[in-house]
Every structure is written in structure tokens, then in C-alpha cells.
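Here's the structure we're looking at; comments come further down.
What follows draws every value from the coordinates through simple rules; no lab data is involved. These figures come from a predicted structure and were not determined experimentally. Note: ideal-geometry Cβ built from the backbone for every residue, glycine included; neighbour counts use all protein chains shown.
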Amino acid sequence: MDTTQERTQEQELPYNVFAKTCPSRGTLEHVTGRWGALTLGALYDGALRFNELRRRVDGVSEKMLSQTLHALERDGLVHREAQPTNPPRVDYELTPLGRELARRLTGLIHFVEGRMDEVLEARARYDETRGGL
């Protein structure tokens, strides 16, 4: 699809993420924030319990993961399944909408991982010309 067609389709959409009051902006922030993107990417391979997910998303605090999961669940991207066992078991998995989004996101993740040598070279060149950081 060429850019003219894309712009026409964008103009026909009822939501505009560039408008500060548009609800799509909040969802985009949930999805593209550090913990949202990593959580969605981690769940792409299948359902995980809270602590499994926390280990998979290295560095996220319990509080931030909980907040992220609540936001993604509210947006309809993650499903929370609580099992009435002792101790309670809670599993998180992507909804069909979340799975479609995560599929696209994992493409971006793989692109970034695959091009990191170029990024690191660019950083080194930048730092060299700017006197280091």
C-alpha cells in the first residue's frame, strides 16, 4: 500500500492517536511503554503465571508488572484467569486482539535485536563526535 492510500485510510479512522484527548493514545502508551511491550512480547509464546512472567521480563518490579497487566487487561489485550486453588493460581494470556498486536510487536522486537550491531556502531560514532556521554 502506498503512502497516499495509507493517509486516506488514516483520515477515515474514527480515532486519531495524535490528538491528545483520543483514547487510542492511552492504549498506544500501554503497548509501547517499556513494560507493556516486553509483557506482550513475553506472553506471545503462551500463557504465564505472574512470577513466570516477572522472571521473563527481567528487571520489572512486582508493582509495575501488576499495573501493566491491569492496563493491558483493561484494554482487552490480556486475559487474566484465576484458578480457585490453594494457593491461588493466576495465569495471564493474550486475547485474540492482544495476540495480533503482539505478533506485530515481536516483528519490531526481532528487527531491533537483529540490527543492534548497527545501532551500537551509530552510538559509538555519535559519542565520539559529541565527546562521549
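A few comments on the model shown:
- Within the stretch 47-65, the residues that satisfy the criterion of being out of contact with any strand residue (DSSP E or B) (no Cβ under 8 Å at 6 or more places or on another chain) and among the charged types (D, E, K, R) are GLU52, ARG54, ARG55, ASP58, GLU62, LYS63.
- The lone exception for ARG125 - which of (1) assigned to a helix (DSSP H, G or I); (2) touching a helix residue (DSSP H, G or I) at 6+ places or on another chain (Cβ under 6 Å); (3) not hydrophobic (A, V, I, L, M, F, W, C) it fails: (2)
- Every residue from the stretch 84-97 that is part of a helix (DSSP H, G or I) and either closer than 17 Å to ARG49 by Cβ or of a type in the set (A, V, I, L, M) (or both): LEU97
- The set of residues in the stretch 24-44 being among the aliphatic types (A, V, I, L, M) and over 17 Å from HIS79 (Cβ atoms) consists of LEU28, ALA37, LEU38.
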